[in-house]
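Student: One structure coming up, written as structure tokens, with questions to follow.
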Amino acid sequence: MTEILRSDVLIIGGGPAGLAAAKAASDGTLRVTVLEKSLEIGYPIHTSGGSWTRELRALGVPEQYIHPIRTLQFISSGNEASFDYDFPEICVIDIRAVYQNWAEQASLQGAVIHTNTLAQELLYEEGKLCGVKAVRNGNPIIYKAKVLIDASGFSALVARQSGLSSPSQSYGKGAEYEIVTKSWSQDKTAILLGSAFTPVGYGWVFPYGKHRVRVGVGVLAPYSKADPMPLLEAFLAGSHPLAQKLQPYSILETHFGSVPNSGYIAKSYADNLLIAGDAAGQVLGLAGEGIRLAYDIGMMAGQTAAEAIAHGDTSEQQLARYETLWKKKFARSIDLNARLNGIVSSYTDAQWDRALDILKDVDPEIVLALMKGYFDLRLVKLILSRNPGLFAHNAMKIIRKAVTGS
Ligand SMILES: Cc1cc2nc3c(=O)[nH]c(=O)nc-3n(C[C@H](O)[C@H](O)[C@H](O)COP(=O)(O)OP(=O)(O)OC[C@H]3O[C@@H](n4cnc5c(N)ncnc54)[C@H](O)[C@@H]3O)c2cc1C
């Protein structure tokens with residue numbers, strides 16, 4: 001007979017969203033279970049780990065896993081723009097170490113993580129979602145719970161099977177090598193724009209300590225059907241000066257991944273269900289940034305689930321609070337990122353060169369706020385005081401209108 005395991009909160013996916021939800025839901029009384037299909041938490045790696053030092057510190061990421069970076073460089077076919085920061089605002093994290101740390105925190109709080117466990121099919125009782133059929137270490141097993149949290153990332157298992165999301169029309173596909181080289185400064189990150197790197201999307205050079213550097217290329221579907229791996233190979237083997245600057249190197253790891261890029265799903269909750277992270281499209285599309293959002297919003301999902309169970313009501317009316325919470329913090333940023341991404345996805349090399357000409361004169365603090373998606377009154381005031389001419393450009397007009405209404 002198939003084994004049945006019961007929990008209060010069942011989380012599908014042991015990435016940032018799932019691990020945060022697990023920690024937040026584990027209040028000492030609830031049974032919280034996380035299913036992760038991989039053999040390890042945090043490996044294989046499907047992401048690059050670029051983020052923001054202050055924000056990750058605020059989320060409790062241990063300092064030793066945050067690699068600080070002081071120089072941000074944008075490189076297009078015929079132009080460059082560089083920004084230096086006294087405080088290392090940008091960082092790249094040791095993915096495996098951070099995710100393992102998050103998993104330790106969730107487990108010590110009381111959650112139980114089952115690796116090598118693939119959730120496959122949703123289970124319903126009297127028309128209400130109540131669990132999943134899974135395969136654990138090769139054996140079928142049934143997991144039942146009062147609330148499910150779909151944190152299964154790009155595959156969005158529960159969201160798709162329950163009809164709350166459909167496969168992303170717009171998404172980024174990435175291929176990345178983790179190389180070891182003494183030639184690249186560990187203090188500088190580069191964003192690569194234009195056809196020398198990718199037809200649509202961007203490339204990156206992300207150092208993260210001990211001479212390790214992640215070099216990757218992302219392609220934005222459906223605008224291009226190109227496979228990012230041959231593009232990465234062609235760039236590294238080619239004569240581009242940047243590729244030369246990385247020489248000599250060894251490739252120690254190869255990473256692949258996909259990230260949704262069409263904005264958030266219309267509804268991120270239902271009876272007995274919350275959807276968090278990439279599964280809900282909670283990504284800043286311009287840079288494909290999602291780790292910090294997934295962790296932050298995952299915590300909101302875990303807290304909401306725990307509160308609902310404490311109230312004895314896991315209906316969608318009770319769980320709707322979750323959507324109010326995350327939208328308040330991130331909806332505008334995600335929306336605007338999706339709109340701005342729609343604009344830059346058709347940029348030619350000449351347009352990227354011109355965009356970098358404009359960017360060169362922009363205050364570094366403004367560049368940072370734009371990259372982080374902090375589209376608020378503070379940003380509008382900063383632009384008005386330091387670079388008012390920026391509001392002549394379409395993208396900036398869109399941001400100002402969204403913030404001020406005019
Ligand atoms: C190439 C690339 C580069 C990126 N670079 C950055 C970056 O530099 N900075 C940044 O902030 N973001 C980056 N992102 C985006 C970021 O990785 C995601 O937004 C983030 O990982 C979302 O976290 P999540 O927990 O929602 O999903 P994920 O991290 O995808 O975690 C989902 C987990 O669920 C598991 N899972 C899936 N299906 C099942 C199932 N059926 N049963 C059990 N387990 C399952 C998966 O194995 C995985 O561990 C990048 C994405 C890609 C593809």
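Student: Which numbered condition in (1) over 21 Å from ILE93 (Cα atoms); (2) open to solvent by less than 20 Å² (accessible area, probe 1.4 Å) is the only one that ILE265 fails?
Tutor: Among (1) over 21 Å from ILE93 (Cα atoms); (2) open to solvent by less than 20 Å² (accessible area, probe 1.4 Å), ILE265 violates only (2).
Student: Another question about this same structure. Condition first: assigned to a strand (DSSP E or B), within 7 Å of the ligand (Cβ to nearest atom) and among the hydrophobic types (A, V, I, L, M, F, W, C). Now tell me which residues in the stretch 257-290 satisfy that. If you could, list the steps in order and put the result at the bottom.
Tutor: Step one: of the stretch 257-290, the residues assigned to a strand (DSSP E or B) are 257-260, 269-270, 273-275, 284, 289.
Still in the running and within 7 Å of the ligand (Cβ to nearest atom): 257-259, 289.
Correct list: VAL259 only.
Student: Filter the stretch 291-318 for residues that are outside any helix (DSSP H, G or I) and of a type in the set (S, T, N, Q); which is surrounded by the most Cβ atoms within 10 Å (Cβ to Cβ)?
Tutor: Going through the stretch 291-318, the residues outside any helix (DSSP H, G or I) turn out to be 312-315.
Those left that are additionally of a type in the set (S, T, N, Q): 314-315.
Details: THR314: 24, SER315: 14.
Ranking the candidates gives THR314 first.
Student: Now for a different question. Of everything in the stretch 290-310, what is touching a Phe, Trp or Tyr at 6+ places or on another chain (Cβ under 9 Å) and under 30 Å from PHE74 (Cα atoms)? Give them in sequence order.
Tutor: Passing the criteria: ARG292, LEU293, TYR295, ASP296, ILE297.
Student: Shifting gears a bit: What number of residues within the stretch 103-157 are of a type in the set (Ser, Thr, Tyr), open to solvent by 70 Å² or more (accessible area, probe 1.4 Å) and within 13 Å of the ligand (Cβ to nearest atom)?
Tutor: From the stretch 103-157, those of a type in the set (Ser, Thr, Tyr) are 107, 115, 117, 124, 143, 152, 155; that's our starting set.
From what's left, open to solvent by 70 Å² or more (accessible area, probe 1.4 Å): 124.
Narrowing the set further to residues that are within 13 Å of the ligand (Cβ to nearest atom) leaves none.
Residues flagged as of a type in the set (Ser, Thr, Tyr), open to solvent by 70 Å² or more (accessible area, probe 1.4 Å) and within 13 Å of the ligand (Cβ to nearest atom) within the stretch 103-157 amount to 0.
Student: Condition check: within 22 Å of GLY288 (Cβ to Cβ) and near the ligand (Cβ under 10 Å from one of its atoms). Does HIS67 satisfy that? Give the derivation first.
Tutor: On the way: within 22 Å of GLY288 (Cβ to Cβ): yes; near the ligand (Cβ under 10 Å from one of its atoms): no.
The answer is no for HIS67.
Student: Tell me, which helices (runs of 4 or more DSSP H) wholly within the stretch 1-113 include 3 or more residues that are out of contact with any helix residue (DSSP H, G or I) (no Cβ under 7 Å at 6 or more places or on another chain)?
Tutor: Where helices (runs of 4 or more DSSP H) fall fully within the stretch 1-113 and carry at least 3 residues being out of contact with any helix residue (DSSP H, G or I) (no Cβ under 7 Å at 6 or more places or on another chain), they are 53-58, 95-109.
Student: Further question on the same structure: For the stretch 326-345, does any single residue satisfy the condition of being surrounded by 15 or more Cβ atoms within 10 Å (Cβ to Cβ), of a type in the set (Phe, Trp, Tyr) and part of a helix (DSSP H, G or I)?
Tutor: yes
Student: Given the conditions (1) open to solvent by less than 50 Å² (accessible area, probe 1.4 Å); (2) touching a residue at least 12 places away in the same chain (Cβ under 8 Å); (3) among the hydrophobic types (A, V, I, L, M, F, W, C), report the number of the one that LEU252 does not fulfil.
Tutor: It is condition (1) that LEU252 fails.
The values are calculated or read from the model by the stated rules, or taken from the named source; none is laboratory data. Remember, predicted model here, so these are calculated numbers, not experimental data. Neighbour counts are summed over all protein chains in view; Cβ atoms, including those assigned to glycine, are modelled from backbone coordinates with ideal geometry. The accessibility values were calculated without ligands, DNA or RNA, using every heavy atom of the protein model including side chains. Shrake-Rupley method; radii C 1.70, N 1.55, O 1.52, S 1.80 Å.
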